[in-house]
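Some notes on the structure that comes next.
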Amino acid sequence: MDVMAKTSTTTQGLRAAIERSGYYPALVAEAVEAAVGGEPVRSYLVHQETTFDQNEVRRHVTVLVLTGNRFIVSHTDEQAADSTSPTPYATTSTESVKLDRVSSVVVSRVVANPEQYTPGTLPREVVLTIGWGAVNRIDLEPAACGDPNCDADHGYTGSSTADDLSLRVSEAGDGPETVRQALAFAQAISEATADLTR
C-alpha cells in the first residue's frame, strides 16, 4: 500500500472511530479535522469515558492524533444546564503541539499473572502519559533533618512533574481493541519523537 493510500485509510479510520464513539460525532470530528488541517494522519486514538459526579453521569471524549509534524489533543466535555446556560452544552478544545516539543512518552502496562506472561499478550490496562511542558505540577513539603529535636528551618523540598496528558484505558472498561490502539499510538508517537533526535 502506498503512503497516499495508507494516509487516506488512516484518516477514514479516524473518522469512523469518532463515529463509533457515539459522542457528539459531528462536533468532535469537525474540531479534530479543523486542527489536523490538510496534514496526513499517521496514527490516532479515540477514547470515550463515562464518569460519575455525585448524582450526574458525565461523558467526555479525548482524541489523540499524530501527523508528520504535530501531536494534536482534542477533548470534548458535556455539561448540564447551569447559571450560565439554560440548556445542556458541550465544550470542545484542541491543542496542537509540534513534535519537537514532546519531551516524554510514558507507557505503563498492567499485566495479570506476570510469571506466565507471553510476549505479545495484551495488558489488561495501559496508562499513556505524554509531556510537552504545557502543564507542570510542583509538590513541595517542608524539608527536615534526621535530628528529632531540631527546630531549624531547613527550607522546602519537592518535585516537579510534567502533567500535560494522562490517559488510562483498560480491557474491562474499554475493550481489547482500545487497549491495542493505545499501545499502537504510544509506539507511533515514541518513534516519531525518536526520529527527531537522530
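The values are calculated or read from the model by the stated rules, or taken from the named source; none is laboratory data. Predicted model, so just to flag it, every value in this text is computed and none were measured. FYI the Cβ positions are ideal-geometry reconstructions off the backbone, even for glycines, and counts take in every protein chain you see. Keep in mind that these areas ignore ligands, DNA and RNA; they rest on the heavy atoms of the full protein, side chains included. Shrake-Rupley method; radii C 1.70, N 1.55, O 1.52, S 1.80 Å.
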Residues in the stretch 51-88 that are over 30 Å from residue 190 (Cα atoms), modelled with pLDDT under 90 and of a type in the set (Ser, Thr, Tyr): how many?
3
Right, residue 70: over 12 Å from the mean Cα position of the chain (by Cα), under 15 Å from residue 130 (Cβ atoms) and among the basic types (Lys, Arg) or not?
yes
Condition first: free of Cβ contacts under 8 Å to residues at least 60 places away in the same chain and in a loop (DSSP other than H, G, I, E, B). Now tell me which residues in the stretch 20-59 satisfy that.
22, 23, 37, 38, 39, 40, 54, 55
Filter the stretch 16-48 down to residues that are in contact with a Pro (Cβ under 9 Å, 6 or more places away or on another chain) and either open to solvent by 40 Å² or more (accessible area, probe 1.4 Å) or on the phi > 0 side of the Ramachandran plot (or both), then give me how many there are.
1
Can you pull out every residue in the stretch 97-119 that is among the small types (Gly, Ala, Ser), farther than 15 Å from residue 183 by Cβ and either assigned to a helix (DSSP H, G or I) or open to solvent by less than 60 Å² (accessible area, probe 1.4 Å) (or both)?
104, 112
Spot the failing condition for residue 61; the list is (1) within 19 Å of the chain's Cα centre (by Cα); (2) open to solvent by less than 50 Å² (accessible area, probe 1.4 Å); (3) more than 24 Å from residue 172 (Cα to Cα), and only one is missed.
(3)
Regarding the stretch 75-94, can at least one residue be identified that is open to solvent by 70 Å² or more (accessible area, probe 1.4 Å) and assigned to a helix (DSSP H, G or I)?
no
